[in-house]
Amino acid sequence: MDTENPKTAIEYIHSLGRFSGKPGLHRIKALCEALGNPQDRLKFVHLAGTNGKGSTACMIASALQAAGLRTGLYTSPYLVQFYERIRVDGVMISDDDLTRLCERVTVACESLTLPEGETIGEFEFTTALAFLFFVEQECDIVVLETGLGGRCDATNVIKNAEVCVITPISLDHMAVLGNTTAVIAAEKAGIFKPGTAVVCADGQPNDVQRVLRRACDAAGAVWFGGAEDCRVLRCDIGGSAFVYEAQGYTQRDAARLIVEKNLCGLDIDRRAYQLACFAVMMKARQYNRRILNGGVRPNLYAIGDSAALTGEVLDFIANGSQKLRAGLQSVADDLAGAKEYGSIIDVSPVDFDALLARFEEIRAGASGDLFEAASRQLALNTVLPLVRQAQVMAQKYDVVVTNPPYMGASGMSEKLSGYIKTYYPDSKSDLFACFIEKGNSMTKPNGYNCMVTMQSWMFLSSFEKLREKILKEKTITNLMHMENMVMGIAFGTAVTVFQNAVVQGYKGTYNHIKLQDIENAEPKEFPVQGNRFAQVSAANFSKIPGSPIAYWAGENFISVFEKGVLIGNIFPVKKGMDTSDNDRFLRFWYEISSKKFSFGHLASNCKWYPYDKGGNFRRWYGNKEYIVNYENNGYELVHSTANLRSRQLYFKEHITWSALTASYTSFRYSDYKSIFDSAGSSMFPDSNQIYYVLALMNTRVFDLIMSIINPTINYGAGSMSLVPLVYEENTQTHKLVSNNIDISRSDWDSYETSWDFKRHPMV
């Protein structure tokens, strides 16, 4: 084939023929695999149907493009020229790209081994070529139209789609798809995947409708069968207005309905609540200039509690109705601590419609005597806002969005801390983590919870149970991971979208943004390529001990955790002593008489013993500076507030390191039978393994492993115990490590800071 001639390339594609063997996806799967499965790196809107597919695909692509997404469009057949079939942001594929990619796909075709008599057909070839092009063009989304049917259509090689669209179905291609609309509908429904939203055109025949619904349920997809089932999935004015206007509402009515029906908000800070009200109403006025005069009130509330509610007031509102009284009491009980706990409290669902109807009766009724007038005023001005607040807190949402407060356990009041320990045991270490759980619980099935939080929940052991719960019950669809100062704050943050559903095999999109990627408070490009950019299944995270959200870890690297044995399962890895008073119990070795200093064994006449306490970066050997008062088997320490943690391991041969590090870790051999500190955590391999383990610890491979297990500056014993070890007896390793220790020991002992100092190397 002449790769420089687009006409020849197109003629070659046409020559392949429409049908090339038995129906099925085996040929396109083989071809895509030979090309590196480019389709797995894309997101799709997948269309099937009989009538209107092409026009619907074009309209969807235009809407996505207008929303700022780089949009690919794949259609079949074409009207005027072949290039129409493959477009990005409305621009057709170029001659150069077509011929170049045609050659690449041709080479891949030639490498395949297919069943006898079968070849790659025109549509399969073109589909694979389009996938390559869309990946090269870095499309955010691809609108993908099926060619014939759905189940066995080449486009169905994709693993999943954001949305599946079914246009009107009628009799077509009966020789291939079947001779009834119900059978044809079953073929079209073959594009449904678990967790995918299915949007079906109105007016489908009853038999078609039944087949599609059954197929949707069987696939575990989510059904949207026309106007009656459509939900507002976006909460901005523009996006929601589009939904309303499509149903015949005016722009002004749409703005009012959005404020009244689609947006709800809570804040414990009254000033934040007031600013939110102002912002929402000003945005609505952009579309409806009279909205400020129309009595429209946004569903936004400054969280209040029910401390002022009395039984008399509730009795007045209930007006003898036991149901209303019970509902009011439930609201009062649930909101009793709302000013302290905020929106993390659970509010029980009650018949809010009945309660609100009773308040309308009170509003419309006569004032009566002074007592009744006072009760009426209290009911409308105090109790009614609390009931509306409770309704907002009790109901479920399609989308929950928040930037929660960041507050560690040490900053919480005793009351708040007790509440969180009781109701949020998996996320009690920080208030933001409680909000992740609460946000997830407030979403409807298949709804979305989007949070701006600290990054710590992704890695730290204190959030391990939270991570396990998320990975088991939710799907992480998107995560934008930002390093220190990207948000103008001195710690890393994460913007995460959780879907309230488990979508098997779903590959979420993960972005890592560094400070250098930011210009004028915005990323120079988005998503930032490189920088750990990845589309991976969250199932990978569970393969790593502690389930860290290590989205950058490749399959080969993760396999190490599956093959190796965790160090903590082989030998002790422990945090050491906390003296609680270093000035009292610790000294530099040169501050005391050598007559009171013992090197590694308990002696009745000795008070001071070697003490490993971390220190500066130094590998193999060294940082032997401190000694600890362990006279009479630690008598003074035992009878103080000190924590003699891991006492059974004192004076044993070990590997030690500095728990806090700003760069790489440094591990050292400790042959002086030392006591060890909490800042100088230690591990205790068998003597025949200790050099091998020390060698592993001092490699870049280990640093890479730790960047996944615990990408922080605190390398505690807990995270160290999760390192996988593949042990292989190697005398050469033993020899090299021994030499490294000798060199490092000689260097350390060359200076007067060592108790084994003999002579300065410069003398």
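The values are calculated or read from the model by the stated rules, or taken from the named source; none is laboratory data. This structure is a prediction, so every number in the text was calculated from the model and none was measured. We place every Cβ from the backbone using ideal geometry, glycine too, and count neighbours over all the protein chains shown.
General remarks:
- Some residue of the range 45-59 being free of Cβ contacts under 8 Å to residues at least 12 places away in the same chain, under 29 Å from residue 525 (Cβ atoms) and in a helix (DSSP H, G or I): yes
- Helices (runs of 4 or more DSSP H) wholly inside the range 636-735 that include at least 1 residues being more than 25 Å from residue 544 (Cα to Cα): 690-697
- The range 498-518: number of residues that are modelled with pLDDT of 80 or more and either hydrophobic (A, V, I, L, M, F, W, C) or more than 26 Å from residue 438 (Cβ to Cβ) (or both): 12
- The number of residues in the range 1-44 being within 25 Å of residue 138 (Cα to Cα), part of a helix (DSSP H, G or I) and at pLDDT 85 or above comes to 14.
Conditions tested, residue by residue: (1) at pLDDT 90 or above; (2) in contact with a Leu (Cβ under 8 Å, 6 or more places away or on another chain); (3) crowded, with 16+ Cβ neighbours inside 10 Å; (4) not basic (Lys, Arg).
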{"position": "127", "(1), (2), (3), (4)": "yes, no, yes, yes"}
{"position": "132", "(1), (2), (3), (4)": "yes, yes, yes, yes"}
{"position": "135", "(1), (2), (3), (4)": "yes, yes, yes, yes"}
{"position": "145", "(1), (2), (3), (4)": "yes, yes, yes, yes"}
{"position": "160", "(1), (2), (3), (4)": "no, no, yes, yes"}
{"position": "175", "(1), (2), (3), (4)": "no, no, no, yes"}
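- Annotation note: of 594, 604, the sole residue that is of a type outside the set (Val, Ile, Thr), closer than 21 Å to residue 638 by Cβ and assigned by TED's automatic domain parsing to the domain that holds residue 709 is 604.
- Only residues that are closer than 26 Å to residue 442 by Cβ, aromatic (Phe, Trp, Tyr) and modelled with pLDDT under 90 were counted in the range 302-355, giving 1.
- Consider the range 379-413 and keep the residues that are assigned to a helix (DSSP H, G or I) and in contact with a Gly (Cβ under 9 Å, 6 or more places away or on another chain). The one that is farthest from residue 318 (Cα to Cα) is 392.
- Test: residue in the range 451-471 that is in a loop (DSSP other than H, G, I, E, B) and in contact with a strand residue (DSSP E or B) (Cβ under 8 Å, 6 or more places away or on another chain): no
- Members of the range 34-61 found to be over 28 Å from the mean Cα position of the chain (by Cα) and either loosely packed, with under 15 Cβ neighbours inside 10 Å or among the basic types (Lys, Arg) (or both), listed by number: 51, 52, 53, 55, 59
- Test: residue in the range 371-385 that is within 39 Å of the chain's Cα centre (by Cα), modelled with pLDDT of 85 or more and under 30 Å from residue 407 (Cβ atoms): yes
- The test for being within 18 Å of residue 502 (Cβ to Cβ) and under 11 Å from the mean Cα position of the chain (by Cα) does not hold for residue 443.
- If the condition is being touching a strand residue (DSSP E or B) at 6+ places or on another chain (Cβ under 8 Å) and buried (at least 16 other Cβ atoms within 10 Å of the Cβ), then the range 565-577 contributes 567, 570, 571, 572, 573, 574, 576, 577.
- Every residue from the range 417-435 that is buried (at least 21 other Cβ atoms within 10 Å of the Cβ) and under 13 Å from residue 345 (Cα atoms): 420, 431, 434, 435
- All positions within the range 295-314 that are surrounded by fewer than 18 Cβ atoms within 10 Å (Cβ to Cβ) and of a type in the set (D, E, K, R): 297, 312
- Cβ-Cβ under 8 Å pairs, at least 6 apart or on other chains, the range 527-550 side assigned to a strand (DSSP E or B), far side among the basic types (Lys, Arg): 535/41; 535/507; 536/507; 537/507
- Positions within the range 724-733 being closer than 11 Å to residue 691 by Cα and either loosely packed, with under 11 Cβ neighbours inside 10 Å or modelled with pLDDT of 85 or more (or both), in sequence order: 729, 731, 732
- Residues (in a helix (DSSP H, G or I) and in contact (Cβ under 8 Å) with a residue 60 or more places away in the chain) located in the range 551-561: 557, 560, 561
- The set of residues from the range 457-495 being in contact (Cβ under 8 Å) with a residue 60 or more places away in the chain and within 22 Å of residue 516 (Cα to Cα) comprises 479, 481.
- Residue 429 meets the conditions (1) in contact (Cβ under 8 Å) with a residue 24 or more places away in the chain; (2) within 25 Å of residue 273 (Cα to Cα); (3) not aromatic (Phe, Trp, Tyr) in every case but one. The failed one is (2).
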